[in-house]
């Protein structure tokens with residue numbers, strides 16, 4: 001089970017501990033590792049993501065991304081995390097809890113990516129599992145939603161292993177790599193059994 005801890009930084013940044021990974025909010029000091037990992041994984045990631053901007057990997061673009069993250073955090077709209085491997089503190093990917101809906105819904109959407117060198121090692125499954133206690137116990141949300149392309153078998157397996165249930169099919173759900181694409185919808189709700 002993941003634990004939330006506070007590390008000694010001026011902003012008391014939350015860290016989510018998982019089995020072999022930890023997650024924390026992105027910082028400017030992460031730029032080089034992030035840009036290098038995204039660059040070497042570009043061909044691997046592009047088919048599954050929104051279209052990358054021409055300046056996507058620049059320092060200025062990363063700085064703008066961090067400003068947006070700060071605003072989203074302050075307004076309880078989204079919670080971005082970078083995922084690091086415990087044994088060597090290497091950045092392996094990222095995950096975002098976005099579209100936070102309070103009121104009667106109390107839900108969020110989960111997005112994630114992993115660098116190509118770190119695929120098929122169980123790191124993302126572990127990270128997604130570790131986020132559930134944070135969502136349910138810290139953010140006090142009731143539901144986590146996720147979606148993946150119908151032909152993305154690794155992502156579907158990951159979500160099932162992380163305790164999500166397939167709930168439906170959404171036509172033209174998200175614009176991925178420049179085209180509106182259908183998605184399979186998954187969710188996990190508070191009280192669902194924890195995956196083994």
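What follows is calculated from the coordinates using simple rules that are stated; it is not laboratory data. These numbers were taken from a predicted model, which means no experiment stands behind them. Note that we place each Cβ from the backbone using ideal geometry, even for glycine, and neighbour counts take in every protein chain shown.
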Reciprocal of mean inverse Cα separation for the chain (Kirkwood radius, Å): 17.2 Å
When the chain is treated as a Gaussian network with springs between alpha carbons less than 10 Å apart, the largest mean-square fluctuation among 71, 87, 156 is found at 87
Place a point 7 Å from Cα of residue 44 in the direction of its Cβ. Which residues in the stretch 169-190 have their backbone N less than 19 Å from it? 177
Rg to Rh ratio, the stretch 113-185, alpha-carbon atoms and Kirkwood radius? 0.99
Average projected area [Cα convex hull, the stretch 76-128], square nanometres: 4.1 nm²
Averaging sequence separations of C-alpha pairs under 8 Å and six or more residues apart, then dividing by the length of the chain, give the relative contact order as a whole percent. 20 percent
Taking only the C-alpha atoms, wrap a convex hull around the stretch 42-145 and report its volume per residue in Å³ as a whole number. 124 Å³
What length, rounded to one decimal in nm, is gained on full extension from residue 57 through to residue 167, with 0.36 nm per residue of separation minus their alpha-carbon distance? 36.1 nm
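Could you calculate the contour length gain from residue 189 to residue 157, that is, 0.36 nm times the residue separation minus the distance between their Cα atoms, to one decimal place in nm?
Fully extending the segment from residue 189 to residue 157 adds 9.7 nm.
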